[in-house]
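Before any comments, here is the structure.
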Amino acid sequence: AMYTEQLLSKLFSYLFTPNKVFDETIDEAILIKIRSSALTLLAVLSSHHEDIKKRIADQENLISTAIECYHSPHLSLKLASLCLFHGLSRSVHQLRTTFNDTTCDILLDAIKSSDLSIVKISSCDISNIVLEFSTCRTRLLDGGILEILLNLLTHTDHDLCINSIWALRNLSYLSVLKIKQDI
């Protein structure tokens, strides 16, 4: 537990204040790699243990920083932030508390991206976030996620089709008849 806390603290430092960690001015390309690596490692750590996931999600400014990274022009930061959202989306508690309208809007934006890697990761996120107990479900439905997922069923990328099937399956679970009929 102590080692995990030390690792998390170091990763948060790399993400929030990398210049202070290295005591020097860092080239922007290296700074982007450091921040995207920290986000990716946090995503991996958040994927497996609920207590670690909660500790990560409860970190002050983490979600806002991940949102900021998604809006960055750098693909590696966008992907890493989506990976973090995916790791956190594997928790019922996080689906009910961490995800908000802003993260829903990011996912709706990401799944419409022209970059296949962004679309694939966002479809994984959405597969979890459309479950009936998620606070984002209604926002995603209002944003047209059902039509988007149905269109992705015919995509040439096999993994993306599978992700869409999972998302539709999760969306239909405990849904009202209207949503099931639309699917």
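Cross-link pairs exceeding 22 Å between alpha carbons, from the set Lys10/Lys53; Lys78/Lys112; Lys54/Lys180; Lys53/Lys78; Lys10/Lys33; Lys78/Lys120: Lys54/Lys180.
Highest mobility in the GNM of the chain, judged by mean-square fluctuation with C-alpha springs under 10 Å and restricted to Phe85, Phe22, Phe12, is found for Phe22. Within the chain, the cysteines lacking any other cysteine Cβ closer than 4.7 Å to their own Cβ are Cys69, Cys83, Cys124, Cys161. Largest first, the extents of the alpha carbon coordinates of the chain on the three principal axes equal 58, 34, 25 Å. Remark on the stretch 116-183: hydrodynamic radius 11.8 angstrom, per the Kirkwood mean of 1/r across alpha carbon pairs. Within the chain, the selection of entire DSSP H helices by a Cα span of 18 Å or greater along the long axis and an average Kyte-Doolittle value of at least -1.0 returns 2-16, 28-46, 75-88, 116-129, 158-172.
Dipole of the chain computed with +1 at Lys/Arg Cβ and -1 at Asp/Glu Cβ about the Cα centre; of Gln94, Pro73, Pro18, farthest Cα towards the positive end is Gln94. For the pair Leu116 and Glu68 in one chain, pulling the backbone fully straight at 0.36 nm per residue adds 15.2 nm over the alpha carbon distance. Under conditions of 10 °C and 1.306 mPa s, the stretch 1-98 yields 118 µm² s⁻¹ as its translational diffusion coefficient, taking Rh as the Kirkwood radius over Cα pairs in the Stokes-Einstein equation.
Laboratory data are not the source of any read-out in this text; all were calculated from the coordinates shown. For clarity, every value in this text was computed on a predicted model and none was experimentally measured. Ideal geometry is used to build each Cβ from the backbone, glycine not excepted, and the neighbour counts take in all protein chains shown.
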